[in-house]
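Okay, so here's the structure we're looking at.
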Amino acid sequence: MAYIVVVGNEKGGSGKSTTSMHIATALARMGHRVGGLDLDLRQTSFGRYVENREAFCALEGHDLPRVHYLPLPEVDPASLTEGQNIYDMRLDAAVSQMEDKVDFLLIDCPGSHTRLSQVAHSLADTLVTPLNDSFIDFDLLARHDPATGKITGPSVYSEMVWNARQLRARAGLKAMDWVVIRNRMGRQQMHNKKKVGDALNDLSKRIGFRVAPGFAERVIFRELFPRGLTLLDLRDIGVGSLNLSNIAARQEVRDLINALKLPGVKADF
């Protein structure tokens, strides 16, 4: 059975697809068989990222570590019985096709609340939630009083994760490991960065997640997408010497992979 990693966040622009691709290809680079699903049926950014990689390898003759990407299978509505949901069936069909063929299955969720995303969260052995390092995105996890900084209640997303955990418990599955990663951490505004960090650490104890380092804001991430590349591929495609920013970014990928504590995984790249 594949170990399922779900990347979820109900706000767009948090770097989900970049995070998904770097986790997936890092695992593939370490010799694991990795499958990928994209549940954003409109934009399919993660799916296009993988397809760009396939096209680049075919065009340039490179043999880079691959992710076995599967578009969600179509299901004939006429085949459904009373009470069945077509989105549940499409996701179930995709997972069934992949789960005994890969070691890790990475599922990238849309930046909105959908039925597919809700079901995927209940499947997660590890849930990764990328978060832009600001109180604007902190609202994804909890409501807080801007005057006092005190947390006033859980967000709808946190409640969905709680419900997913309850479903897993009732099904006799092991507890989900929820990891919130801080993306786009700038070098400026150190005071605000500390306030966000303190709030996250406090909230993590209340609603049960771990905080891990993510990726800083870097132009190179936007440059890599059209070719389907990650920071770990640069030397493989002939980039001889990496600049300091690239070296630091590779270290961020290494730190993230190790922080996830996935079974049998230790970043050695």
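The values are calculated or read from the model by the stated rules, or taken from the named source; none is laboratory data. Computed from a predicted structure; not experimentally measured. Reconstructed Cβ throughout: ideal geometry from the backbone, glycine too, with neighbour counts over all protein chains shown.
Below is a table of values for the structure above.
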{"item": "Phe209 aromatic (Phe, Trp, Tyr), surrounded by 13 or more Cβ atoms within 10 Å (Cβ to Cβ) and modelled with pLDDT of 90 or more", "result": "yes"}
{"item": "Which numbered condition Gly61 fails, given (1) exposed (fewer than 15 other Cβ atoms within 10 Å of the Cβ); (2) on the phi < 0 side of the Ramachandran plot", "result": "(2)"}
{"item": "Pairs with Cβ under 8 Å, 6+ apart, first in region 85-100 and more than 15 Å from Thr114 (Cα to Cα), second of a type in the set (Val, Ile, Thr) and surrounded by 15 or more Cβ atoms within 10 Å (Cβ to Cβ)", "result": "Ala93/Val75; Val95/Ile4"}
{"item": "Tally of residues being over 18 Å from the mean Cα position of the chain (by Cα) and not β-branched (Val, Ile, Thr) across region 219-239", "result": "8"}
{"item": "Selection count, region 114-133, where residues are under 17 Å from Met98 (Cα atoms) and in contact with a Cys (Cβ under 6 Å, 6 or more places away or on another chain)", "result": "1"}
{"item": "Identity of the residue in region 52-86, of a type in the set (S, T, N, Q) and part of a helix (DSSP H, G or I), that ends up farthest from Asp103 (Cα to Cα)", "result": "Ser79"}
{"item": "Unique residue being surrounded by fewer than 18 Cβ atoms within 10 Å (Cβ to Cβ) and at pLDDT 95 or above when the list is Glu99, Glu51, Glu74", "result": "Glu51"}
{"item": "Positions within region 164-178 being more than 11 Å from Gly208 (Cβ to Cβ) and either hydrophobic (A, V, I, L, M, F, W, C) or touching a His at 6+ places or on another chain (Cβ under 8 Å) (or both), in sequence order", "result": "Ala164, Leu167, Ala169, Ala171, Leu173"}
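Per-residue answers, yes or no, for (1) touching a residue at least 40 places away in the same chain (Cβ under 8 Å); (2) surrounded by 13 or more Cβ atoms within 10 Å (Cβ to Cβ); (3) farther than 22 Å from His22 by Cβ:
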residue: Ser158; (1), (2), (3): yes, yes, yes
residue: Arg222; (1), (2), (3): no, no, no
residue: Val239; (1), (2), (3): no, no, no
residue: Asn243; (1), (2), (3): no, no, no
residue: Asn246; (1), (2), (3): no, yes, no
residue: Val265; (1), (2), (3): yes, yes, no
